[in-house]
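> Quick one: the structure is below, questions incoming.
The values are calculated or read from the model by the stated rules, or taken from the named source; none is laboratory data. Small disclaimer: the values here were computed from a predicted structure and weren't measured. Here Cβ is always computed from backbone atoms with ideal geometry, including for glycine, and neighbour counts include all displayed protein chains. Accessible surface is based on the protein model in full, side chains and every heavy atom, while ligands, DNA and RNA are left aside. Shrake-Rupley method; radii C 1.70, N 1.55, O 1.52, S 1.80 Å.
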Amino acid sequence: MTASRSFTQNRFLQTVLAAYVLVWIGTAIDPTDWLTWVLENILVVVLAIILVATYRRFAFSNSSYLLIALFLSLHAVGTNTGYAQTPIGFWLKEVFGLSRNPYDRVIHCGFGLLLAYPFHELLVRTANLRGPAIHWLPVSLILAASVGFEVLESFVAEIVSPGAGPAWLGAQGDEWDMQLDLASATLGAMAAMIFTYWQESAAANRAMPP
């Protein structure tokens, strides 16, 4: 599915945006910590501004917009209570017998799984890349973005909660939390690109003359 250049004619994108706004409003009601909620939403606002500002010159496919909205919705749910205290995370912990609330892992995996394809689409349409690079480069970009976010988050934690960094970051006592978060994002991106490669190969085979 490709996005219409005119937002007013793109009913699918309008529906996706409306659904996300409803999720965002719902999770903005009475958050556990207003400061954390604001900090967690700064990058969301920046991303929204970029997507709106560039829509006329570069409109992603509807598929990419849906994936972006799904990730931002998962993120919005975590901002209401904090990732480490998300109710659905405690449910997952109980169901799978885990030692910690895994919602932050879900988010990091979702970052790679849901946003690798938009990165891929951006590269396909703007960069002169061919061969394996068009599939492994989005994985590298997801990893680089994850590392950048972890570093930024650490700096913010030291400014907002000096001496309480691990607690503010939701590490839940896990000394390998950052490394596992990065691994989760990378594995998610790899899965997305393997699926994308399979889909594109299947489409190319169908397009070949008998």
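> Tell me the per residue accessible area of the chain using a 1.4 Å probe; a whole number in Å² is fine.
Working: 12410 Å² over 210 residues.
Counting only protein heavy atoms, the per-residue value for the chain is 59 Å².
> Once the Cβ-Cβ distance between ASN128 and ILE159 is put in as r, and R0 is 45 Å, what FRET efficiency do you end up with, to the nearest 0.05? Walk me through the numbers on the way to the answer.
Numbers: r = 41 Å, r/R0 = 0.91.
Efficiency at R0 = 45 Å is approximately 0.65.
> Further, regarding this structure: Exactly which trypsin sites (Lys or Arg not before Pro) in the range 57-110 are in a DSSP loop and have at most 10 other Cβ atoms within 10 Å? Please report the intermediate quantities before stating the final value.
Details: sites: ARG57, LYS93, ARG100, ARG105; in loops: ARG57, ARG100.
Of the trypsin sites (Lys or Arg not before Pro), the ones in loops of the range 57-110 whose Cβ has at most 10 other Cβ atoms within 10 Å are ARG57.
> Mind listing the phi-derived Karplus ³J(HN,Hα) values for the range 110-117, rounded to whole Hz, using 6.51, -1.76 and 1.60 with θ = phi - 60°, and x for any glycine or proline?
x, 4, x, 5, 9, 9, 5, 5
> Out of LEU74, LEU122, LEU152, any idea which swings most in a Gaussian network model of the chain, alpha carbons joined below 10 Å?
LEU152
> Just GLY89, GLY188, GLY148 to compare: in a GNM of the chain, with alpha carbon springs under 10 Å, which one fluctuates most?
Taking springs between Cα atoms under 10 Å, the residue moving most is GLY148.
> Take the alpha carbon gyration tensor of the range 31-75, find the square roots of its eigenvalues, order them as a ≥ b ≥ c, and report rounded if a/c is under 1.5; if not, report prolate when a/b exceeds b/c, else oblate. Please list the in-between numbers first.
Details: a/c = 5.41, a/b = 1.84, b/c = 2.93.
Taking the square roots of the gyration eigenvalues as a ≥ b ≥ c, the range 31-75 is oblate.
> Roughly how far apart, in whole Å, are the Cα centres of the range 1-58 and the range 67-133?
So the separation of the two Cα centres works out to 16 Å.
> Turning to a different aspect of this structure: Only one of the values [x] 0.93; [y] 0.99; [z] 1.02 was calculated from this structure for Rg/Rh (Cα atoms, Kirkwood Rh); name its label.
Looking at Rg/Rh (Cα atoms, Kirkwood Rh) for this model, the match is [y].
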